[in-house]
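Encoded as structure tokens, the structure appears first; notes follow it.
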Amino acid sequence: MKEWTSFKRLLMQRFPVSKMISVSSMSNTILRSGKAHEKSSSSTHPEELDDPQKSSEESTKVITRQEFVSRLHELKDEINRAWHSEDRVKSLKLSIKVARLLMDTSVLNFYPTLFVLVSDVLDMLGDMVWERIRQKAEFAEDGAKFCSLRENFGVSDVPTDAKETCYNWFCKVGTIRELLPRIYLELAIFPCWRFLIEQPSESLQRLVMMTRGLADPLASAYCRLYIAHRAQKFPSHDTGYLITCVNDIKLILTRISSTKETAFGGFADSKRPLVSLMEPSVEFIMKSILNDASPRRVGKVLVELGIWRSQEELFGGLPCISIVLHHLLKELPTDIVCFHAVDILHLIKCSNDNSYDQYLNYRLVGLRLCEQISQITTVDAIVNEVIHVVSEYGLDEYLKVVDAYLDIVLQNQMDGHLKTILEWISKLASDKVLAEDELASLQSILVKLLSHFKNVEHVFSLNHFLQILDMMHGSSHSIVNMHILDMATRDGYLHDPTTIQLLFEISQALHSDTDLVNMKNDDNQQQARLISRFVRMVDHGVVYERHLAFLVECRGAFGSIIELKEILVHSSNCLATKALKDGKKHTGFVKSCIAFSEVTIPSIPGHIKQLNLFLETAEVALLGGLVSHSDDLIDSAINCLQSYDLVEGSRTVDSDGLLSSIRKLCSLLIMVPGNTEVGILHIPKNILSIIHSRSWSPRLSARLFCAIISLSATLSQERLPYHADHPEIMGNDLLFFGDSSYVRELLSLTESVLQNLVDIIEHEPSRAARGSVSLEACNCIVSSFKINEHILPICSKLIETAKSCLDAKDKYLTSTISFLDKNMHAATVPSSITI
Amino acid sequence: MSTKIELSLSRPNRIYRPSEPLEGKIVVISASSISHYGIRIVLNGSVTLQVRGGSAGVIESLYGVLKPIIILNRIIEIEPSGRIVSGTTEIPFSITLWNPKEDNSERFYETFHGTDISIQYLATVDIMRGYLHKSLSATVEFIVESDKANLLNQPISPDGIFYVTQDTQRHPILPELKSGGFRITGRISTQCPMLEPLGGELTVEASALPISSIDIHLLRVESVLLGEKIITETSLIQTTQIADGDVCRNMTLPIYVVLPRLSTCPTVLAGPFSIEFKVAIVITFQSELSRRHPKSDPLTPRLWMAMETLPLELVRTR
């Protein structure tokens, strides 16, 4: 039932209706119904019902679609109301009127919608009749329940009285004068046959035969659809009546295709729209026939449909109506399609009428075969036949069919055929602007190729591949390019210069096809990420200059991708480092790399990002022994820091990012030789002044102060823990060995920072944060200083602050206290700084 | 002070066969007790014949209603004189309709309500209360169907074969029909059990003009003997369309006509009257002429129509 509901919805969507509908013979029912409530049921003259001429008027009227639909809903309500006020005769009469609406097929595209609306009304009536007879069977006239019918009751369970009522309904419906409403009404109450006989298959067969009397192809097709729908109430394996339906439809279609275009009054324009209006019926009936069919039954069905001569002789070379064939092929079990593929292709070849495009049937078989490629036994014969057939097609049809068979060609390594196909495509497509449909097929084909082969070089080496790729444009082109990039960067670095060049061009194409204005758009993220990944995966080995040149080229080509520029800086830094590790003299090259980075960084938005990149580059410069470069870069970094809050101050500060960047800077400063010209400690002092000038949170400031304290403590050691890995750079420990002014300067800096630290903690508003920052500060102090009478009170004060803020059992608190205790006992051991 | 009396039959559809007892109960609802001189049921069955129109002339029409033919007229005592207590009293009864011992020459015709002929059976209950009081009575119609013993045992005769072509028509037809020709063949039952649909099939083998509709008309022929003359009235009782539009050639269409239960009965050929049936197969062709003519009597032969009429015997079986 759910299936039917969705089928109805699709049916209405498939044939969109213009706003206005011209109504002719149906107008009376529709137009009169508006006033119908005012009339009493007795004024509905029965003779009106029996006289179609009376309700048909010569002049056509126009009514809006919406109005029409709401009129039908009103009629439905009225039928319902009449029924529940015990006026069942009126319900029946109105239902007949509604059914009669289906006699007018001049509404064309509206017919499917009309069918859905009318069948809803009739289904409702059918349900009501069913309920009434069931009630009669279960309840006595005084309302007492005397029996209850099982879900799967038999005829013998039904009392005579209920049977009599049921029989009367069939008699009433059977005496309707006109054929179409008579069939529809019997179908509406068709489920009620269950009260009278076990299997009404004879009646079904009769209704199918009666439908032959409807000469209008559209009316009869939808009538058969309604038969198939109502018969579903009797689940049965006997599909004979449906087969007759299909065979009758085949006859009608043959008649349509053999008559002149003008033969069908309403369908003068073309037969195609008519056939496509009939298609849903063929589709539904075919589905009903082959739903869950066993192989034995499928064989039987094929014989009965005239597809197979007999179970033994199988395909007999008789043509089949192609639209019927299409829906048959859609529903046949996969193994049958695979097993009889060659015969099926032959059948398609002889079934070339205009009810359906032949090439779509070829395509369908290909798609069905792909469901189970391993089961196909006659691959060569199939592919040969298809290649032969399509060689006469134009580009669009060629692509659509070939696309369906490509997986078979690929999985069976039919390289010769693949070559032919690509060659043919490039021949057909050359000098031609590809249409949307063609692009879509081409996209599907190329994507299939790409997913089949393991590496991108192999695909590039296929004849005509690149040529075909070049012919594409628009979003399909981008999608294929993205697949290529994804595939190329999937496993490991790219070394081959030709491949790299091709991929670079593909990236360029992708970049230019992508909407630059909306680069931040989520849709385009994927493209940016793929291009960036490609750039990152390029590896020119020891040909460093070429790699740097490549980076320069990328910067020019993909300037709008921010993510990529970061990668460019990393790559150039990485390149410099590699060159340095090489041992040979590469100073000039390293300088170029550093210059490249230095120039690139400012165009990347985000000061923290810039700061980190400058630091990274500075580190590389230091590694290369380029102290002055490194100093400049660190200055640039400090500048970033300075501008950071000014520009982005309105937003919340990224404390963690900032903290880690400054910590990183501090650790870098350990290696940087002090510059006496500007003052050895001018950088930490700069940082301090920035901290002071900003209104960062006390928590962040406190942590930054701790970083400076650790830095000073480290610098004051006689031997620094690490040095720049370059022979010509001396660390501060050597430069200022025994220099008391250096120590003094460090001391005075530290002292003021220490005071700042203690002060700022008091300003932290959050208790929990104040507690943990106190402990953090205390830990920093204890590990940086010797514990003496100056330091101890500070530590004690911090511990007190922490105690006042935190739980006494807090683990951080207890471990800090024990750490402090341990260091107090070890106070005799010389520590870093003495105050 | 009101007293209600009702005659309630045992079967909701009120159908009885002559050999079966007519069963039911007399229901009296009364506020006080009633004394009476006896309760009886009167059974009455008769054929009413009437002449109006049809082949009857002006003079015959003047006769109006003929003397009815009595099939059944019996009075059965249900209870002798006595009293009915107040409240609801139910008095069951069971009456044999056909008494073989009695010399009952008339047949029990089946109930039928036609244009000129009506066959009706009535049961009336009377509670006689002497001269001072009006007697209480109630009447109900019951329906008689033929007895199983009388049912036809002979096999149903084979279907009638028909051919409808331009040469079988007894009325003038359109010249293009005459010259172009048509051929519609088939078979249809000529004897049909009452409870079963009239069956058959039809095939359009050829037709020069496109077909507009094919209909099966069910006709009833009532004949009444009036003096030396037989007055016949033919009426159309049902039309069933079996083809709508120009159907495919050489495709077999089923003929399946459900008989209208109220206006049919088994074919009767009695001396003073008869009830017979016919089927007409009418083919209407698409033509400009037919569009210009307003809808008229479907039985009148027209230029754009072809027809074939076959006799039909309705029988009671099973």
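Just so you know, all these numbers are worked out from the coordinates, no wet-lab data involved. Just so we're clear, the structure is a prediction, and the values are computed from it rather than from any experiment. When we count neighbours, we look across all protein chains shown, and the Cβ atoms used for this are built from the backbone with ideal geometry, even at glycine.
Which value, in debye to the nearest 20, describes the size of the charge dipole of chain A about its Cα centre when Lys and Arg Cβ atoms bear +1, Asp and Glu Cβ atoms bear -1, and nothing else is charged? The partial results should precede the final answer.
Values: 85 positive and 103 negative charges, 349 e Å.
Result for chain A is approximately 1680 debye, rounded to the nearest 20.
Taking other Cβ within 10 Å of each residue's Cβ, how do A:TYR544, A:TYR722, B:TYR16 sort, fewest first? All intermediate terms of the calculation are to be shown ahead of the outcome.
Details: A:TYR544 19, A:TYR722 10, B:TYR16 24.
By the 10 Å Cβ count, ascending: A:TYR722, A:TYR544, B:TYR16.
According to a simple spin-label model (label point 7 Å from Cα along Cα-to-Cβ), what is the distance in nm between A:ASP396 and B:SER235?
That separation, rounded to one decimal, is 6.5 nm.
Considering only A:LEU681, A:ILE729, A:ALA381, whose Cα is most displaced toward the positive end of the charge dipole of chain A, charges sitting on Cβ of Lys, Arg (+1) and Asp, Glu (-1)?
The one lying farthest along the dipole's positive direction is A:ALA381.
Note down the magnitude of the dipole of the stretch A:473-605 about its Cα centre, charges +1 on Lys and Arg C-beta and -1 on Asp and Glu C-beta and zero elsewhere, to the nearest 20 debye.
Details: 13 positive and 15 negative charges, 127 e Å.
Here the stretch A:473-605 has a charge dipole of around 620 debye.
Given a Förster distance of 60 angstrom, what is the FRET efficiency for A:GLU202 paired with B:ALA31, based on the Cβ-Cβ distance and rounded to 0.05? Let's see the in-between values first.
Values: r = 57 Å, r/R0 = 0.95.
Step by step, r from the Cβ atoms, then E = 0.55.
Go ahead and estimate [θ] at 222 nm for chain A from helices alone: -39,500 (n - 2.57) per DSSP H run with n ≥ 4, summed, over the residue count, rounded to 500. Kindly include the intermediate steps, with their values, before the conclusion.
Values: 40 runs with 557 residues, N = 835.
It lands at -21500 deg cm²/dmol.
So if each residue of separation counts as 0.36 nm, and I subtract the Cα-Cα distance between A:SER156 and A:GLU505, what length gain in nm does that give? Before the final figure, lay out the partial values.
On the way: separation 349, 0.36 × 349 = 125.64 nm, distance 8.07 nm.
The A:SER156-A:GLU505 span can extend by a further 117.6 nm.
For A:ARG9 paired with A:HIS692, estimate the spin-label separation in nm (one decimal), with each label point 7 Å from Cα along the Cα-to-Cβ line.
With each label point 7 Å from Cα toward Cβ, the separation is 7.0 nm.
Go through A:VAL743, B:SER135, A:LEU428 and say which Cα lies farthest out towards the positive end of the charge dipole of the protein assembly as shown; charges sit on Cβ, +1 for Lys and Arg, -1 for Asp and Glu.
Farthest towards the positive end: B:SER135.
Enumerate the amide H contacts of B:SER135 below 5 Å, restricted to partners 5 or more residues apart or on another chain; note that Pro and chain-start residues carry no placed amide H.
B:ARG129
Using modelled backbone amide H atoms (1.01 Å from N, in-plane), which distant-in-sequence or interchain residues come within less than 5 Å of B:GLN238's amide H?
Placed amide hydrogens put B:LEU218 under 5 Å from B:GLN238.
If each residue of separation counts as 0.36 nm, what is the full-extension length gain between A:ASP539 and A:ALA381 once their alpha-carbon separation is subtracted? Let's see the in-between values first.
On the way: separation 158, 0.36 × 158 = 56.88 nm, distance 4.59 nm.
Stretched fully, the A:ASP539-A:ALA381 segment lengthens by 52.3 nm.
Modelled label-to-label distance, B:VAL42 and A:ASP733, 7 Å Cα→beta-carbon offset: nm?
Going from the B:VAL42 label point to the A:ASP733 one covers 14.2 nm.
Using the Kirkwood formula on the Cα atoms of chain A, what hydrodynamic radius do you get, in angstrom to one decimal?
Numbers: mean 1/r = 0.0281 Å⁻¹.
About 35.6 Å, per the Kirkwood formula over Cα pairs.
Along its principal axes, what span do the Cα atoms of the stretch B:160-315 show, with the longest given first and each in whole Å?
Principal extents (Cα only, largest first): 47, 32, 26 Å.
Mind putting a number on the dipole of the stretch B:160-315 about its Cα centre? Charges go on the C-beta only, +1 for Lys and Arg and -1 for Asp and Glu, and I need it in Debye to the nearest 20.
Numbers: 13 positive and 16 negative charges, 49 e Å.
Using only the charged Cβ atoms, the result is roughly 240 debye.
Return the loop-located trypsin sites (Lys or Arg not before Pro) in the stretch B:132-233 (DSSP other than H, G, I, E, B) with at most 16 other Cβ atoms within 10 Å of their own Cβ; answer none if there are none. List each step's numbers first, then the result.
Values: sites: B:LYS134, B:LYS148, B:ARG170, B:LYS178, B:ARG183, B:ARG187, B:ARG220, B:LYS229; in loops: B:LYS134, B:LYS148, B:ARG170.
Answer by residue number: B:LYS134, B:LYS148, B:ARG170.
When you look at the Cβ of every residue in A:173-182, what mean number of other chain Cβ atoms sits within 10 Å? Mind dumping the intermediate values first?
Values: counts 1, 8, 10, 3, 5, 6, 10, 3, 1, 5.
Mean partner shielding for this stretch: 5.
When the chain is fully extended, how far beyond the present Cα-Cα distance does A:HIS790 get from A:GLU164, taking 0.36 nm per residue of separation?
214.1 nm
Could you give each residue of the stretch A:588-594 its phi-based ³J(HN,Hα) in whole Hz, using Karplus coefficients 6.51, -1.76, 1.60 with θ = phi - 60°, and x for Gly or Pro?
x, 5, 4, 4, 4, 4, 5
Take the alpha carbon gyration tensor of the stretch A:475-607, find the square roots of its eigenvalues, order them as a ≥ b ≥ c, and report rounded if a/c is under 1.5; if not, report prolate when a/b exceeds b/c, else oblate.
Details: a/c = 2.54, a/b = 1.49, b/c = 1.71.
It comes out oblate by the Cα gyration axes.
Mind jotting down the distance between the C-alpha centroids of the stretch A:792-818 and the stretch A:373-395, whole Å?
82
Compute the separation of the alpha-carbon centres of the stretch B:1-43 and the stretch A:131-179 and state it in Å as a whole number.
28
Count the DSSP beta bridges whose two residues both fall in chain A, then state the antiparallel fraction as a percent rounded to the nearest 5.
Bridges in chain A are about 75 percent antiparallel.
Starting with the fewest neighbours, write out A:CYS554, A:CYS350 ranked by other beta-carbon atoms found within 10 Å of each beta-carbon.
Working: A:CYS554 24, A:CYS350 11.
Exposure proxy ranking, most exposed first: A:CYS350, A:CYS554.
Per residue of chain B, what 222 nm ellipticity follows from adding -39500 (n - 2.57) for every DSSP H run with n ≥ 4, rounded to the nearest 500?
Working: 3 runs with 17 residues, N = 318.
One gets -1000 deg cm²/dmol as the mean residue ellipticity at 222 nm.
List, in order, the whole-Hz ³J(HN,Hα) value for each residue of the stretch B:4-20 obtained from phi through the Karplus relation with A = 6.51, B = -1.76, C = 1.60 and θ = phi - 60°; use x for Gly and Pro.
10, 10, 9, 10, 10, 8, 5, 10, x, 7, 6, 9, 9, 9, x, 7, 8
May I ask which residue of A:ILE638, A:VAL401, A:CYS574 lies farthest towards the positive end of the charge dipole of chain A, with charges of +1 (Lys, Arg) and -1 (Asp, Glu) on Cβ and the Cα centre as origin?
So the residue furthest toward the plus end is A:VAL401.
Once the Cβ-Cβ distance between A:ASP759 and A:LEU720 is put in as r, and R0 is 35 Å, what FRET efficiency do you end up with, to the nearest 0.05?
Numbers: r = 30 Å, r/R0 = 0.85.
That pair, A:ASP759 with A:LEU720, gives E of 0.70.
Using a 10 Å Cβ count of at most 11 others and DSSP loop calls, identify the longest part of chain A lacking such trypsin sites (Lys or Arg not before Pro).
Values: sites that count: A:LYS19, A:LYS39, A:ARG150, A:LYS260, A:LYS432, A:LYS454, A:LYS520, A:LYS584, A:LYS585, A:ARG651, A:ARG719, A:LYS809.
Counting only loop sites that pass the neighbour cut-off, the longest clear stretch is A:261-431.
Averaged over its residues, how many other protein chain Cβ atoms are within 10 Å of peptide A:214-220's Cβ atoms? Present the calculation step by step, with values, prior to reporting the outcome.
Values: counts 4, 12, 4, 2, 0, 2, 4.
Across the residues of A:214-220, the mean count of other-chain Cβ atoms within 10 Å is 4.
Taking amide H positions as placed 1.01 Å from N in the peptide plane, with prolines and chain starts having none, which residues 5 or more places from B:LEU259, or on another chain, fall under 5 Å of its amide H?
The answer is B:LEU198.
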